[in-house]
């Protein structure tokens with residue numbers, strides 16, 4: 001995934017930029033960076049943060065970075081923010097999203113006499129550099145951003161820092177959020193609104209899909225209006241959004257509580273304890289517990305001082321090892337108990353299978369699992385929050401393959417919880433992962449728990465609908 005943060009201030013902005021960027025580290029940390037305009041030039045710093053916390057590696061840079069405006073990012077893979085010098089002037093740029101047609105865009109740029117692109121370590125081209133090249137094809141930053149948004153297939157939310165302020169552009173269909181905060185003498189712009197509170201900002205404005213604004217110390221200038229259509233990512237609330245953040249006015253933690261309560265209303269299992277797979281399953285479990293009037297407990301606690309999020313490593317073997325090592329069992333809450341676990345989602349199922357094996361090794365009586373979203377049938381093609389190598393790695397797709405072979409014609413039936421094929425798929429997953437029982441949240445209840453019009457929410461990974 002990735003996150004971004006920017007500041008425009010009457011005073012030195014580096015401390016706000018430092019902490020505001022760090023507040024996005026939960027979104028998946030591979031590279032981190034900051035760029036600051038000091039009134040004459042940019043000072044920038046980019047580090048690999050796969051095995052070290054953002055704060056730790058950037059703290060030594062703080063003494064050399066000063067200025068009234070800056071942008072920062074947490075990135076999946078590419079180094080950014082990038083600083084660029086072109087016919088449009090000197091600017092810095094950072095992006096979040098996914099460019100599916102990057103090879104086509106690179107070729108178009110080369111055909112228009114764009115001289116070259118720098119390759120990253122694996123021979124790939126930095127997507128943010130491609131966005132900068134699309135911007136530089138036009139006569140103004142505004143027109144360049146509009147050109148980039150029109151040309152990109154996928155999604156791209158960006159911040160462009162110039163000597164006068166920060167251009168903020170939300171992706172064309174608003175799949176990711178972009179929110180402006182205000183305090184005395186400063187504005188900030190952020191993916192996560194949770195970054196505001198401890199830095200003293202209050203929410204001022206949330207950009208609409210495709211909207212562009214210019215943030216200066218004097219205020220917010222609307223450069224291009226929002227689009228009518230929105231398809232914001234539903235997984236923001238279900239999984240990867242931070243609990244204290246709100247998007248489109250809907251708080252993440254509150255949505256998860258409502259979602260868990262809806263799971264409980266559709267359930268009648270007899271259990272001793274409700275638990276959440278930490279961290280993102282916990283709020284769903286609390287909602288379930290409160291609705292079902294069954295105690296909530298923690299049969300597992302997460303060891304957080306050193307372990308990163310387990311979905312981040314590219315190797316399945318390393319992901320599984322991290323997941324196993326960071327979850328520590330509380331034996332008094334496991335032995336002889338009938339436990340129900342709420343998880344945000346079941347992607348491949350590997351980690352859940354290992355957790356269940358560990359529970360049985362400590363003499364649990366029953367393990368019931370409730371997923372806070374429907375079965376995942378498609379890899380996301382709009383964002384990079386999950387980097388599963390193949391759709392066939394998904395737990396639901398493996399079950400379908402076991403039941404159907406290579407036949408893909410029945411996928412619509414497998415996304416319909418009223419169908420016989422859906423029931424067979426769920427039972428196949430349950431048996432493979434060794435659960436006592438397994439139920440998934442239905443799509444309608446999940447979307448209702450958010451509270452936005454259903455047509456404004458992206459559900460592609462569950463039903464394949466654009």
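Which one is nearest to residue 167 (Cα to Cα) among residues in the stretch 109-132 that are part of a helix (DSSP H, G or I) and out of contact with any helix residue (DSSP H, G or I) (no Cβ under 8 Å at 6 or more places or on another chain)? Quick ask: steps written out before the conclusion?
Of all residues in the stretch 109-132, those part of a helix (DSSP H, G or I) come to 109-111, 127-132.
Those left that are additionally out of contact with any helix residue (DSSP H, G or I) (no Cβ under 8 Å at 6 or more places or on another chain): 110-111, 128-129, 132.
Numbers: 110: 26, 111: 28, 128: 15, 129: 17, 132: 13 Å.
The qualifying residue nearest to residue 167 (Cα to Cα) is 132.
Residues of the stretch 265-285 being surrounded by 15 or more Cβ atoms within 10 Å (Cβ to Cβ) and out of contact with any strand residue (DSSP E or B) (no Cβ under 6 Å at 6 or more places or on another chain), which ones?
To start, the set of residues in the stretch 265-285 that are surrounded by 15 or more Cβ atoms within 10 Å (Cβ to Cβ) comprises 267, 269, 271-278, 280-285.
If the condition is that a residue be surrounded by 15 or more Cβ atoms within 10 Å (Cβ to Cβ) and out of contact with any strand residue (DSSP E or B) (no Cβ under 6 Å at 6 or more places or on another chain), then 267, 280, 283 are the ones that fit.
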Practice task
Might you let me know whether the stretch 445-458 holds any residue that is at positive phi, in a loop (DSSP other than H, G, I, E, B), in the same structural domain as residue 360 (by TED's automatic domain parsing) and free of Cβ contacts under 8 Å to residues at least 60 places away in the same chain?
Solution key: no
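So which of 291, 335 is surrounded by fewer than 19 Cβ atoms within 10 Å (Cβ to Cβ), closer than 19 Å to residue 256 by Cβ and at pLDDT 95 or above? So that I can check it myself, show each step before the final result.
Working: 335 fails: closer than 19 Å to residue 256 by Cβ.
Among 291, 335, only 291 is surrounded by fewer than 19 Cβ atoms within 10 Å (Cβ to Cβ), closer than 19 Å to residue 256 by Cβ and at pLDDT 95 or above.
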Practice task
Could you tell me which of the residues 385, 341 is surrounded by 15 or more Cβ atoms within 10 Å (Cβ to Cβ), under 20 Å from residue 237 (Cα atoms) and at pLDDT 95 or above?
Solution key: 341
Completion exercise
Residue hits (the stretch 290-302; assigned to a helix (DSSP H, G or I) and either farther than 14 Å from residue 338 by Cβ or under 26 Å from the mean Cα position of the chain (by Cα) (or both)) are 290, 291
Exercise for the section: Please work out which one of (1) crowded, with 22+ Cβ neighbours inside 10 Å; (2) at pLDDT 95 or above; (3) more than 30 Å from residue 273 (Cα to Cα) is the condition residue 452 fails and give its number. Expected result: (1)
Practice task
Kindly indicate the residue of the stretch 247-264 that is in contact with a strand residue (DSSP E or B) (Cβ under 8 Å, 6 or more places away or on another chain) and buried (at least 21 other Cβ atoms within 10 Å of the Cβ) and also nearest to residue 436 (Cα to Cα) among those meeting that condition.
Solution key: 263
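Determine whether residue 461 is out of contact with any strand residue (DSSP E or B) (no Cβ under 6 Å at 6 or more places or on another chain), closer than 18 Å to residue 236 by Cα and not in a helix (DSSP H, G or I). Before the answer, list the steps.
On the way: out of contact with any strand residue (DSSP E or B) (no Cβ under 6 Å at 6 or more places or on another chain): yes; closer than 18 Å to residue 236 by Cα: yes; not in a helix (DSSP H, G or I): no.
No, not satisfied.
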Problem - Flag if residue 136 is without any contact (Cβ under 8 Å) to a residue 12 or more places away in the chain and surrounded by fewer than 23 Cβ atoms within 10 Å (Cβ to Cβ) - result: no
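Sort out which residues of the stretch 432-444 are in contact with a strand residue (DSSP E or B) (Cβ under 9 Å, 6 or more places away or on another chain) and either loosely packed, with under 15 Cβ neighbours inside 10 Å or outside the structural domain of residue 270 (by TED's automatic domain parsing) (or both), and write them in order of number. First the steps, then the outcome.
Here is the first cut: in the stretch 432-444, the ones in contact with a strand residue (DSSP E or B) (Cβ under 9 Å, 6 or more places away or on another chain) are 433-441.
Once the filter is applied, which keeps residues that are in contact with a strand residue (DSSP E or B) (Cβ under 9 Å, 6 or more places away or on another chain) and either loosely packed, with under 15 Cβ neighbours inside 10 Å or outside the structural domain of residue 270 (by TED's automatic domain parsing) (or both), the stretch 432-444 yields only 434.
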Completion exercise
Residue set 381, 439; condition touching a residue at least 12 places away in the same chain (Cβ under 8 Å) and assigned to a loop (DSSP other than H, G, I, E, B); output residue 381
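The values are calculated or read from the model by the stated rules, or taken from the named source; none is laboratory data. The shown structure was predicted, so the numbers you read here are calculated from the model rather than taken from an experiment. Glycine also receives a Cβ, built like all others from the backbone with ideal geometry; neighbour counts cover every protein chain displayed.
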